[in-house]
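Take a look at the structure set out below.
The values are calculated or read from the model by the stated rules, or taken from the named source; none is laboratory data. These numbers were taken from a predicted model, which means no experiment stands behind them. A quick note on method: Cβ atoms are made from the backbone with ideal geometry, for glycine too, and the neighbour counts reach across all protein chains shown. We work out accessible area using only protein heavy atoms, side chains counted, and drop any ligands, DNA or RNA first. Shrake-Rupley method; radii C 1.70, N 1.55, O 1.52, S 1.80 Å.
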Amino acid sequence: MARLGINEKSLPFQLSWREKLAFAKQQGFSFIELSIDESDERIARLDWSDNDIFSLLKNSYESGVSIDTMMLSALRKFPLGSQDPILYDAAYSMCQKAIILAKKLGIRNIQIAGYDEYYHAKTALTRENFIENLQRVVDFAAANQVMIAIETMDDDFINSIGKIRKIKQNISSPWLQAYPDIGNISAWPQVNPGEDLTDGFENIVAVHVKDTLAVTENTPGKFKNVPFGTGNVEFLGLFKTLKRLGYQGTFTIEMWSERDKDCVDQVKKAHDFILELLTQAGILIEVV
């Protein structure tokens with residue numbers, strides 16, 4: 001039986017943690033994915049006191065909704081592959097803090113974006129720095145029993161599970177795995193998403209669920225804010241692929257609706273849309 005969760009940035013921004021957890025449960029989600037994005041407010045979470053952490057844990061236990069995964073998208077601002085030594089070391093320090101926070105919160109997986117560099121040029125050095133720095137991160141994660149999961153991205157540096165597996169050839173560790181985004185792998189014309197899921201199945205520890213518009217010769221595609229059912233992702237076929245393979249992990253709905261006026265409605269529609277397709281594919285979802 002699989003579990004269906006939602007990323008924090010889908011939920012109404014103004015809600016307290018107690019309210020977010022209660023809302024997620026009301027909508028039928030088993031867990032929330034914690035966001036550590038590029039904002040100062042969310043980066044500051046890496047320095048939460050034990051009292052802050054205990055408060056969230058208490059709310060989580062009382063609600064019955066867990067915080068299973070963390071999205072460390074702040075690494076776009078502090079890329080692991082940066083050619084700037086200060087940013088390079090800051091990225092590693094950020095990952096160390098994230099791993100300790102995950103350990104204290106009981107988070108299973110830290111999702112990191114598959115970028116060597118985001119805002120600056122990609123070079124042979126940024127790729128090498130990414131692998132070198134990621135090795136340090138994975139070693140620290142292994143010592144703390146926390147999984148590092150690379151997400152397939154809206155960037156061709158790592159846009160498939162196949163490319164994550166190539167990175168793993170350089171970093172041999174069971175604590176480095178794949179967190180495929182089925183929207184992202186569906187958007188790239190050079191990636192066959194069904195084959196990518198099948199070939200990389202043994203490395204999949206979680207799955208992101210969103211819709212996207214495909215990259216074509218004339219368009220750059222669209223990787224965010226594509227309403228479910230209006231994009232090019234063949235959800236039913238890919239869910240059936242995961243069912244055939246025996247996937248029993250988590251599915252995390254990903255949106256960026258936290259500041260939208262119709263946020264609550266978007267969350268309800270997304271939950272019902274995805275649950276219906278998972279059910280059609282024969283994937284049983286935990287009832288909250």
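Observations
- Against the rule of thumb 2.2 N^0.38 Å, how large the Cα Rg of the range 222-282 comes out: 1.21
- Here the chain carries DSSP beta bridges of which approximately 5% are antiparallel, counting only pairs with both residues inside.
- A 1.4 Å probe run over the protein chains yields, for the range 1-82, 39 Å² of accessible area per residue, whole-number rounding.
- A cut-off of 5 Å between modelled amide H atoms, ignoring neighbours fewer than 5 places along the same chain, links PHE157 with no other residue.
- Computed from backbone phi with θ = phi - 60° and the Karplus coefficients 6.51, -1.76 and 1.60, the 3J(HN,Hα) list for the range 66-71 is 8, 10, 8, 9, 10, 9 Hz; x is used for glycine and proline.
- Karplus 3J(HN,Hα) series, Hz, for the range 19-31 with 6.51 cos²θ - 1.76 cosθ + 1.60 (x for Gly, Pro): 6, 4, 5, 5, 5, 4, 5, 4, 8, x, 8, 8, 7
- Bins of 5 Å from zero: percent of alpha-carbon pairs in the range 67-177: 2, 13, 25, 27, 20, 9, 2, 0
- Within the shell defined by Cβ-Cβ distances under 15 Å, the residues around ARG18 carry a net charge of -1, with Lys and Arg each +1 and Asp and Glu each -1.
- Measuring nothing but protein heavy atoms, the accessible surface of the chain at 1.4 Å probe radius is 51 percent carbon and sulfur.
- Extension gain (nm, one decimal) between THR279 and ASN144, 0.36 nm per residue minus Cα-Cα: 45.0 nm
- Highest-MSF residue in the chain out of THR250, THR126, THR219 [GNM, Cα springs under 10 Å]: THR219
- More than 19 Å apart - percent of Cα-Cα pairs taken over the range 143-288: 53
- Using equal-weight Cα scatterers in the Debye expression, the normalised intensity of the range 1-279 in log10 at q = 0.07, 0.11, 0.15, 0.16 Å⁻¹ is -0.23, -0.60, -1.18, -1.35.
- Diagonalising the gyration tensor over the Cα atoms of the range 1-89 and scaling each eigenvalue by 5 before taking the square root yields semi-axes of 27, 15, 11 Å, largest first.
- Only DSSP H runs of four or more residues enter the estimate; each adds -39500 (n - 2.57), and after division by the residues of the chain the mean residue ellipticity at 222 nm equals -13000 deg cm²/dmol.
- Neighbour-limited loop hits for chymotrypsin sites (Phe, Trp or Tyr not before Pro), the range 1-89 (at most 13 other Cβ within 10 Å; DSSP other than H, G, I, E, B): PHE13
- The range 109-198: chymotrypsin sites (Phe, Trp or Tyr not before Pro) falling in loop per DSSP and having at most 14 other Cβ within 10 Å: TYR119
- Estimated FRET transfer efficiency when R0 is 22 angstrom, pair VAL264-ARG18 (beta carbons, to 0.05): 0.85
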